[in-house]
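The structure appears right after this line, and notes come after that.
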Amino acid sequence: MHGDLGNKLVLNAKRSQSASGTSSAPPPHATDLVRSILLETRSLDATVQAILSRAGTSFTPASDPATACALLVNHLAMRRNKRCLLAYHRARADMLERFAWAGRDVGDLGNAQAEMRVDEGDEAPASGGAGGQLNLSPEEIEYLRAYGDLLASYKGQWTDVDLTGSTEPPRDLFIDVRVLKDAGEIQTEYGYVTLKNIHGEQLINFLLKICNRTWNSDADMTYFFSLC
């Protein structure tokens with residue numbers, strides 16, 4: 001039935017997202033399934049072209065509803081296959097990007113796969129996993145290398161900032177704000193603040209002034225910092 005292979009591919013991507021961690025290796029690429037979906041899509045396109053050639057240039061949906069229905073079903077099936085393929089490879093691209101942001105590259109991928117096989121009870125290759133077959137397609141290997149190079153050049157602009165740190169905001173009531181680079185005087189809707197690398201406490205006081213203007217009670221201000 002049309003769409004069954006695409007549904008299997010989406011379920012494969014969903015399971016991969018649930019099982020993969022931030023720096024874990026992605027599961028094997030479903031090459032055979034992807035190839036089958038591409039063949040099905042080409043077959044559907046050939047069917048559509050054949051129907052159109054038989055209908056002729058004078059075809060109108062109102063005059064031949066059966067032909068119009070056949071064209072619509074095949075066209076929607078092709079669009080669904082395309083969306084499933086895009087969703088699957090977008091999910092794998094997200095895994096590769098998280099792998100790169102964790103400071104790992106293609107060379108670390110074989111070791112990560114070996115660790116996964118050991119955790120699952122399988123024996124790792126004698127080469128430690130690096131010489132085994134990777135779970136990526138050739139295009140994904142090229143993408144990971146190019147993305148790693150792009151990320152390295154991006155990080156090189158801010159050598160004193162750890163861009164690979166957690167993006168989750170702090171939940172502590174009191175936090176230490178460190179200004180790494182002098183930014184001078186900045187105008188905000190609540191007034192002016194001067195950002196210098198020795199004025200972390202001044203920035204804290206400025207944030208407290210904002211909270212005092214926005215909330216009237218200490219309880220509300222404490223709740224706000226608990227969310228930060």
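The values are calculated or read from the model by the stated rules, or taken from the named source; none is laboratory data. In this text, all values refer to a predicted model and were calculated from it rather than measured experimentally. As a convention, Cβ positions derive from the backbone with ideal geometry for all residues, glycine included, and neighbour counts pool all protein chains shown.
Observations on the structure shown:
- Qualifying residues in segment 164-188 (those that are more than 30 Å from D105 (Cα to Cα), of a type in the set (D, E, K, R) and at pLDDT 75 or above) - the one nearest to the chain's Cα centre (by Cα): R171
So that you can scan it fast, the table gives a plain yes or no per residue for (1) of a type in the set (A, V, I, L, M, F, W, C); (2) modelled with pLDDT of 90 or more; (3) within 20 Å of the chain's Cα centre (by Cα):
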{"position": "H2", "(1), (2), (3)": "no, no, no"}
{"position": "L5", "(1), (2), (3)": "yes, yes, no"}
{"position": "V10", "(1), (2), (3)": "yes, yes, yes"}
{"position": "T22", "(1), (2), (3)": "no, no, yes"}
{"position": "P28", "(1), (2), (3)": "no, no, yes"}
{"position": "L33", "(1), (2), (3)": "yes, yes, no"}
{"position": "L39", "(1), (2), (3)": "yes, yes, no"}
{"position": "V48", "(1), (2), (3)": "yes, yes, no"}
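- Taking (1) in contact with a helix residue (DSSP H, G or I) (Cβ under 7 Å, 6 or more places away or on another chain); (2) on the phi < 0 side of the Ramachandran plot in turn, T31 satisfies each apart from (1).
- Residues (of a type in the set (V, I, T) and part of a helix (DSSP H, G or I)) located in segment 43-89: T47, V48, I51, T67, V73
Okay, residues lined up against (1) at pLDDT below 70; (2) part of a loop (DSSP other than H, G, I, E, B):
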residue: A93; (1), (2): no, no
residue: A100; (1), (2): no, no
residue: M116; (1), (2): yes, no
residue: L150; (1), (2): no, no
residue: D162; (1), (2): no, yes
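- Looking only at residues in segment 30-72 that are hydrophobic (A, V, I, L, M, F, W, C) and closer than 30 Å to S16 by Cβ, the one that is surrounded by the fewest Cβ atoms within 10 Å (Cβ to Cβ) is L39.
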